[in-house]
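Colleague: Before I ask anything, let me first share the structure, which is written out below as structure tokens.
The values are calculated or read from the model by the stated rules, or taken from the named source; none is laboratory data. The shown structure was predicted, so the numbers you read here are calculated from the model rather than taken from an experiment. Positions of Cβ are backbone-derived with ideal geometry, glycine not excepted, and every protein chain shown enters the neighbour counts. These accessible areas exclude ligands, DNA and RNA; they are computed on the full protein's heavy atoms, side chains included. Shrake-Rupley method; radii C 1.70, N 1.55, O 1.52, S 1.80 Å.
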Amino acid sequence: MRYKYTRILTIVGIALCFIHFIGHESDPVYLLFYALSVPAWFYPFFQYKNINPVPLYLLTILTWALIGYCIDRFAVYKRSHTR
């Protein structure tokens, strides 16, 4: 298995976090990050004041990598069962 989608979606997660880190004062970037970061969806449920964003960034990257891994596994399963 080559993990094509795992790599691509991990890069998407890294780019998303990097863009948010560079331009988090901009509303469109802020909205983009919170729309596409699955862990950020649950962030408002907790009391957050002066929280380090690094765990949120790491969870975002890991989530995108996990989504890519699931797609890769499904593609291998689908390929092996259609032959």
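Colleague: Restricting attention to the range 1-51, which residues are charged (D, E, K, R) and under 30 Å from LYS78 (Cβ atoms)? Working first, answer last.
Modeller: Residues of the range 1-51 charged (D, E, K, R): 2, 4, 7, 25, 27, 49.
ARG2, LYS4, ARG7, listed by residue number.
Colleague: When the range 54-79 is examined, which residues are found to be open to solvent by 80 Å² or more (accessible area, probe 1.4 Å) and modelled with pLDDT of 90 or more?
Modeller: The initial filter retains those residues of the range 54-79 that are open to solvent by 80 Å² or more (accessible area, probe 1.4 Å), namely 58-59, 62, 66, 69, 73-74, 77-79.
Selection gives LEU58, LEU59, LEU62, LEU66, TYR69, ARG73, PHE74.
Colleague: I would also like to ask the following. Name the pairs: first residue in the range 30-53 and at pLDDT 80 or above, second residue basic (Lys, Arg), Cβ to Cβ under 6 Å, at least 6 apart or on different chains?
Modeller: From residues that are at pLDDT 80 or above, there are no pairs.
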